[in-house]
Amino acid sequence: AQKVTQAQTEISVVEKEDVTLDCVYETRDTTYYLFWYKQPPSGELVFLIRRNSFDEQNEISGRYSWNFQKSTSSFNFTITASQVVDSAVYFCALNRGGKLIFGQGTELSVKP
Amino acid sequence: NAGVTQTPKFQVLKTGQSMTLQCAQDMNHEYMSWYRQDPGMGLRLIHYSVGAGITDQGEVPNGYNVSRSTTEDFPLRLLSAAPSQTSVYFCASSYSKAAQGSYNEQFFGPGTRLTVL
């Protein structure tokens with residue numbers, strides 16, 4: 001079965017705290033792609049990152065970083081020094097044959 | 001480029017009514033899809049298309065029809081609306097190199113919020 005689990009439904013932090021959003025996936029495919037999307041309060045979906053199953057290097061983009069571990073089937077997302085503008089729902093997704101399978105989403109609230 | 005556009009942004013229907021949600025993209029993407037978003041369930045795939053003239057079902061296709069007569073447009077039809085179809089609908093497109101097994105990110109439209117009374 002193909003499945004993505006984001007066990008954290010809601011997270012609340014104070015500005016400047018670091019926060020990690022967890023994502024665990026299940027797939028029998030040997031080649032697959034993982035994504036993170038951000039959905040701010042305005043409602044649109046914003047692409048953040050794509051990672052294929054052959055590339056286990058961690059990635060850093062400004063305050064954002066991603067930790068991909070095939071051994072634990074996890075693709076976690078860390079925001080360093082969080083800001084109020086990071087408040088949003090974050091979705092992890094698995095691409096199977098062009099179709100995205102989404103996790104339930106984690107709602108992050110960053111308070112000033 | 002306008003990207004992915006959706007109309008209308010909001011719609012209220014009565015049970016049993018039909019309507020079409022419009023989706024268009026100007027990026028010459030091969031792949032287009034429709035998702036619905038419900039609280040606590042993330043986004044779920046309704047129908048998708050890998051090119052003009054080709055469509056297939058996703059996870060939750062019942063009650064919806066699609067067609068793809070052009071590369072640019074991918075309308076979603078509700079034949080007889082039901083309260084269970086109250087949701088936010090997103091259209092997405094991507095350039096998919098399916099033959100090489102490489103999948104690019106999907107670009108999403110702004111969404112249509114549908115309420116069925």
Q: Looking at (1) within 14 Å of another protein chain (Cβ to nearest Cβ); (2) in contact (Cβ under 8 Å) with a residue 60 or more places away in the chain; (3) buried (at least 19 other Cβ atoms within 10 Å of the Cβ), find the lone condition where residue B:95 falls short.
A: (3)
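Every residue, every condition in (1) modelled with pLDDT of 95 or more; (2) open to solvent by less than 60 Å² (accessible area, probe 1.4 Å); (3) within 14 Å of chain A (Cβ to nearest Cβ); (4) not in a strand (DSSP E or B), yes or no:
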residue: B:56; (1), (2), (3), (4): no, no, yes, no
residue: B:62; (1), (2), (3), (4): yes, no, no, yes
residue: B:90; (1), (2), (3), (4): yes, yes, yes, no
residue: B:105; (1), (2), (3), (4): no, yes, yes, yes
residue: B:115; (1), (2), (3), (4): yes, yes, no, no
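Go through region A:57-85 residue by residue and tally those that are in contact (Cβ under 8 Å) with a residue 60 or more places away in the chain and not in a loop (DSSP other than H, G, I, E, B). Let's see the steps before the verdict.
Of all residues in region A:57-85, those in contact (Cβ under 8 Å) with a residue 60 or more places away in the chain come to A:78-84.
Those left that are additionally not in a loop (DSSP other than H, G, I, E, B): A:78-79, A:84.
Of the residues in region A:57-85, 3 are in contact (Cβ under 8 Å) with a residue 60 or more places away in the chain and not in a loop (DSSP other than H, G, I, E, B).
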**Q.** Single condition residue B:30 does not satisfy, out of (1) farther than 15 Å from residue B:112 by Cα; (2) at pLDDT 95 or above
**A.** (2)
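Without any contact (Cβ under 8 Å) to a residue 60 or more places away in the chain, open to solvent by less than 10 Å² (accessible area, probe 1.4 Å), within 14 Å of chain B (Cβ to nearest Cβ) and over 10 Å from the mean Cα position of the chain (by Cα): does that describe residue A:43?
On the way: without any contact (Cβ under 8 Å) to a residue 60 or more places away in the chain: yes; open to solvent by less than 10 Å² (accessible area, probe 1.4 Å): no; within 14 Å of chain B (Cβ to nearest Cβ): yes; over 10 Å from the mean Cα position of the chain (by Cα): yes.
In short, no.
Looking for whichever is over 14 Å from residue B:68 (Cβ atoms), β-branched (Val, Ile, Thr) and either open to solvent by 40 Å² or more (accessible area, probe 1.4 Å) or free of Cβ contacts under 8 Å to residues at least 60 places away in the same chain (or both) here; the options are B:5, B:20. Which one fits? Reasoning before the result, please.
On the way: B:20 fails: over 14 Å from residue B:68 (Cβ atoms).
It is B:5.
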Q | Any chance residue A:93 is out of contact with any helix residue (DSSP H, G or I) (no Cβ under 7 Å at 6 or more places or on another chain) and touching a residue at least 60 places away in the same chain (Cβ under 8 Å) | A | yes
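Restricted to region A:96-110, and to residues that are in contact (Cβ under 8 Å) with a residue 12 or more places away in the chain and more than 7 Å from chain B (Cβ to nearest Cβ), which residue is nearest to residue B:92 (Cα to Cα)?
First, pick out the residues of region A:96-110 that are in contact (Cβ under 8 Å) with a residue 12 or more places away in the chain: A:96, A:100-110.
Checking which are more than 7 Å from chain B (Cβ to nearest Cβ) leaves us with A:96, A:101, A:106-110.
Values: A:96: 15, A:101: 13, A:106: 21, A:107: 22, A:108: 24, A:109: 26, A:110: 28 Å.
Out of the qualifying residues, it is A:101.
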Q: Specify which of the listed residues (B:50, B:12) is touching a helix residue (DSSP H, G or I) at 6+ places or on another chain (Cβ under 7 Å) and either assigned to a strand (DSSP E or B) or in contact (Cβ under 8 Å) with a residue 40 or more places away in the chain (or both).
A: B:50
Q: Sort out which residues of region B:72-88 are part of a loop (DSSP other than H, G, I, E, B), more than 16 Å from residue B:41 (Cβ to Cβ) and at pLDDT 95 or above, and write them in order of number.
A: B:72, B:74, B:75, B:80, B:81, B:82
Q: Looking at (1) charged (D, E, K, R); (2) in contact (Cβ under 8 Å) with a residue 24 or more places away in the chain; (3) more than 21 Å from residue B:117 (Cβ to Cβ); (4) not in a loop (DSSP other than H, G, I, E, B), find the lone condition where residue B:36 falls short.
A: (3)
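Can you tell me which residues in region A:1-24 are in a loop (DSSP other than H, G, I, E, B), within 9 Å of chain B (Cβ to nearest Cβ) and surrounded by 15 or more Cβ atoms within 10 Å (Cβ to Cβ)? Give the steps one after another, and end with the answer.
Applying the first criterion (in a loop (DSSP other than H, G, I, E, B)) to region A:1-24 yields A:1-2, A:6-9, A:15-18, A:22-23.
With within 9 Å of chain B (Cβ to nearest Cβ) added as a condition, the list becomes A:6, A:9.
The answer is A:6, and nothing else.
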**Q.** Exclusive hit being β-branched (Val, Ile, Thr), open to solvent by less than 50 Å² (accessible area, probe 1.4 Å) and within 13 Å of the chain's Cα centre (by Cα), set A:27, A:106
**A.** A:106
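Tell me yes or no: at least one residue of region A:84-91 is of a type in the set (S, T, N, Q) and away from every other protein chain (no Cβ under 14 Å). First the steps, then the outcome.
Narrowing region A:84-91 to residues of a type in the set (S, T, N, Q): A:87.
Applying the additional criterion that residues be away from every other protein chain (no Cβ under 14 Å) yields A:87.
Scanning region A:84-91 turns up at least one residue that is of a type in the set (S, T, N, Q) and away from every other protein chain (no Cβ under 14 Å).
The values are calculated or read from the model by the stated rules, or taken from the named source; none is laboratory data. Owing to the predicted nature of the structure, the values given are computational and were not obtained by experimental measurement. Every residue, glycine among them, receives a Cβ derived from its backbone with ideal geometry; neighbour counts consider all protein chains shown. Accessible surface areas use protein heavy atoms only, side chains included; no ligands, DNA or RNA. Shrake-Rupley method; radii C 1.70, N 1.55, O 1.52, S 1.80 Å.
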